[in-house]
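The values are calculated or read from the model by the stated rules, or taken from the named source; none is laboratory data. Only a predicted model underlies this, so the values are computations on that prediction, with no experimental measurement involved. Every residue, glycine as well, gets a Cβ built from its backbone with ideal geometry; the counts of neighbours run over all protein chains shown.
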Amino acid sequence: MVATFLGMPLPELAAPTSSSVFDFFKIIKESFSTINSGVGLMIMAIGGFVAYMKHIGASDALVNVALKPLGLLKKYPHITAISVIPIGQILFVCIPSAAGLSLLLMAAVFPILINLGVSRIAAVSVITSCTAFGIGPASAITASATLISGEDPIIYFISHQLPLVIPSSLVMMIAYFFVNRYFDKKDAEAEKNLDDVAIKDSDKPSTSAPLFYAILPVVPLILLIVFSEILNLTPTPIHLDTSTAMIISLFLAVLVDFARKRDLKAMFSSLQVFWNGMGNIFKTVVTLIIAAEVFSKGLIALGFIEGLVQITENLGFGAVGIGIVLTLIIFLSSMLMGSGNAAFFAFGPLVPKIATKLGIKSTDIILPMNLSASMGRTVSPVAGIIIACSEIAGVSALSIVKRNIIPLSAGFLTLLLTHYL
């Protein structure tokens with residue numbers, strides 16, 4: 001609205017109304033359309049699936065199965081928590097959707113961590129940190145970075161990304177251990193007042209589920225890994241997105257539950273839990289993500305990106321200085337806008353021009369920028385994954401950001417030191 005009042009150009013619309021005042025509302029409408037058809041649908045499908053898994057008792061079965069081998073770690077909850085990070089990062093290479101993977105982990109891993117004595121906020125913090133590094137050939141940011149730098153995606157991943165991500169991840173894990181232990185002691189009383197149900201859902205499990213139901217919550221993960229572009233196991237590549245995987249998994253779960261209970265009326269009644277779960281996620285999560293999207297477009301309309309670029313070009317720093325400043329700007333922009341993609345796609349195309357002026361390779365500048373974009377998103381209170389995971393866990397988005405900011409800052413500094421020293 002401020003940009004409209006100042007007469008600044010608004011983000012480009014597919015079909016403008018020819019009135020800047022009405023275009024403002026058209027931007028909101030288009031945000032609803034694009035988010036609901038993409039990430040919004042995915043988050044709602046996962047939310048409904050999580051509610052359905054809880055209702056039929058599959059989440060409880062998963063917890064019961066997982067607690068047996070992991071019971072040895074019950075005395076060491078903070079070690080248990082940080083052990084999720086490397087596993088999640090490996091999964092993120094195969095499932096390059098930050099919101100999708102985080103919510104899948106909330107469905108499959110979050111209840112296990114809680115039952116092993118990990119606090120809610122600590123569990124959510126390590127789950128969201130699994131997407132802190134957007135790496136691998138399937139990542140949208142990586143694809144853009146390799147296109148800009150002219151690098152082969154596999155070589156870029158193995159030779160450039162991994163040598164930076166491994167030390168940064170180790171530092172981040174150590175920082176999470178101490179940060180979560182400190183805050184858990186400080187927040188011990190508040191944690192006791194939280195509901196014991198792992199996923200907020202008024203529907204109680206309808207019956208005690210058999211142990212084989214434990215496989216149902218992880219079916220989406222299995223599908224997305226088996227049919228990912230990384231593994232490429234089928235002769236003809238199969239492209240499976242997260243929303244489709246959730247619908248397939250729901251269909252299989254409904255068939256399994258019906259085969260066990262032989263009750264058609266109960267099957268359709270249980271499906272209502274899925275639709276209710278989708279609706280709850282829309283009203284509490286998707287609407288916030290749409291608000292964050294409009295907010296980020298407002299920043300762009302006010303010339304936020306252009307202003308930062310001009311400042312960077314006029315600083316007069318050398319190659320290392322410019323690289324650090326651009327990396328820091330992308331980190332802060334991603335944090336402010338809640339989107340790593342938006343921040344990187346705005347600055348990334350400028351790199352070849354800057355690199356040519358400085359007489360260096362584009363990779364030298366674009367690599368840390370690539371990684372800092374997804375890191376900044378992990379400490380953004382308006383990021384979709386933070387909003388969605390905090391709502392499911394029943395904690396505030398700011399409390400997650402408070403847990404994430406120190407480990408991510410430590411990882412960010414390690415990234416810069418490793419790359420530029």
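Structure data summary
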read-out: Residue tally, condition basic (Lys, Arg) and within 30 Å of VAL2 (Cβ to Cβ), over the range 22-68; value: 2
read-out: Residue satisfying condition, being farther than 30 Å from VAL395 by Cβ and of a type outside the set (D, E, K, R), within set ILE238, ILE281, ILE225; value: ILE238
read-out: Any chance ALA3 is farther than 26 Å from ALA388 by Cα, assigned to a helix (DSSP H, G or I), touching a helix residue (DSSP H, G or I) at 6+ places or on another chain (Cβ under 6 Å) and not β-branched (Val, Ile, Thr); value: yes
read-out: Test: residue in the range 62-72 that is buried (at least 20 other Cβ atoms within 10 Å of the Cβ), touching a residue at least 60 places away in the same chain (Cβ under 8 Å) and of a type outside the set (Val, Ile, Thr); value: yes
read-out: Condition check for ILE366: modelled with pLDDT of 90 or more, more than 26 Å from PHE177 (Cα to Cα) and assigned to a helix (DSSP H, G or I); value: yes
read-out: Test: residue in the range 341-359 that is under 29 Å from ALA81 (Cα atoms) and assigned to a helix (DSSP H, G or I); value: yes
read-out: Residue that is surrounded by the fewest Cβ atoms within 10 Å (Cβ to Cβ) [pool: residues in the range 158-185 that are touching a helix residue (DSSP H, G or I) at 6+ places or on another chain (Cβ under 9 Å), within 23 Å of LEU367 (Cβ to Cβ) and among the hydroxyl-bearing types (Ser, Thr, Tyr)]; value: SER169
read-out: Residues (crowded, with 18+ Cβ neighbours inside 10 Å, part of a helix (DSSP H, G or I) and either at pLDDT below 85 or on the phi > 0 side of the Ramachandran plot (or both)) located in the range 133-147; value: ILE141, THR142, SER144
read-out: Test: residue in the range 67-77 that is at pLDDT 85 or above, more than 23 Å from LEU216 (Cα to Cα) and not hydrophobic (A, V, I, L, M, F, W, C); value: yes
read-out: Residue within the range 52-71 that is small (Gly, Ala, Ser), within 30 Å of PHE304 (Cβ to Cβ), over 15 Å from the mean Cα position of the chain (by Cα) and not in a helix (DSSP H, G or I) present; value: no
read-out: Per-region count, the range 206-225, residues loosely packed, with under 14 Cβ neighbours inside 10 Å and at pLDDT 80 or above; value: 4
read-out: Some residue of the range 11-24 being in contact (Cβ under 8 Å) with a residue 60 or more places away in the chain and farther than 30 Å from VAL165 by Cβ; value: yes
read-out: Hey, THR327 touching a Pro at 6+ places or on another chain (Cβ under 8 Å) and part of a helix (DSSP H, G or I) or not; value: yes
read-out: Breaking point among (1) farther than 25 Å from MET375 by Cβ; (2) charged (D, E, K, R); (3) modelled with pLDDT under 80, for GLU306; value: (1)
read-out: Test: residue in the range 325-333 that is β-branched (Val, Ile, Thr), within 23 Å of SER144 (Cβ to Cβ), touching a Ser or Thr at 6+ places or on another chain (Cβ under 9 Å) and surrounded by fewer than 17 Cβ atoms within 10 Å (Cβ to Cβ); value: yes
